[in-house]
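Down below is the structure, laid out as structure tokens.
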């Protein structure tokens, strides 16, 4: 999807974001800022099927189900960013459905829909689901965790493949755990 130089730069930025998180700082706001950055930095390492976009320059849509403040962080982090020819658009949603138009879905649950229900609703579709340990036991394809004071992630490559997504080996190499 993206050129090799762009992928390399994205990979380096992702690695630096993971290493830059210091637990001595304001952990909640810094942790959330790192997680918000991960959402769009993951995209260059994922290949969606051609049918996931109607046109070559359609936006890559990141849906955020969770607190308004987190959606604002994602909006700020992704402002003006592109993945290949796709501009990134962030939507704050209460429910995630098959028809939501999400390419990446950050799933934290809401009063209208639990995280497990949201994950179930897009299972089998080419949506990269992202969860975190802060919002319960439900796990998306990418699951963010706090490990030794750093934001890290696990990847369920088997689920990604079942949903029609291909995850780059570079991203898999950075994961603390990979399920096949």
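Computed quantities for the displayed model
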read-out: Subset of region 169-180 [in a loop (DSSP other than H, G, I, E, B) and out of contact with any strand residue (DSSP E or B) (no Cβ under 7 Å at 6 or more places or on another chain)]; value: 180
read-out: Subset tally (residues that are part of a strand (DSSP E or B), touching a residue at least 60 places away in the same chain (Cβ under 8 Å) and more than 15 Å from the chain's Cα centre (by Cα)) for region 147-167; value: 1
read-out: Those residues of region 128-146 which are outside any strand (DSSP E or B), touching a helix residue (DSSP H, G or I) at 6+ places or on another chain (Cβ under 8 Å) and either at positive phi or modelled with pLDDT under 95 (or both), in sequence order; value: 135, 136, 138
read-out: Residue that is modelled with the highest pLDDT, among those in region 61-90 that are touching a strand residue (DSSP E or B) at 6+ places or on another chain (Cβ under 7 Å) and either on the phi > 0 side of the Ramachandran plot or part of a loop (DSSP other than H, G, I, E, B) (or both); value: 81
read-out: Residue 84 vs. criteria within 20 Å of residue 46 (Cβ to Cβ), more than 14 Å from the chain's Cα centre (by Cα), without any contact (Cβ under 8 Å) to a residue 12 or more places away in the chain and surrounded by fewer than 22 Cβ atoms within 10 Å (Cβ to Cβ); value: no
read-out: Residue list for region 91-127, restricted to those being part of a loop (DSSP other than H, G, I, E, B) and touching a residue at least 60 places away in the same chain (Cβ under 8 Å); value: 103, 126
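The values are calculated or read from the model by the stated rules, or taken from the named source; none is laboratory data. No experiment lies behind these values; they were computed from the predicted model shown. So basically every Cβ, Gly included, is an ideal-geometry build from the backbone, and we count neighbours across all protein chains shown.
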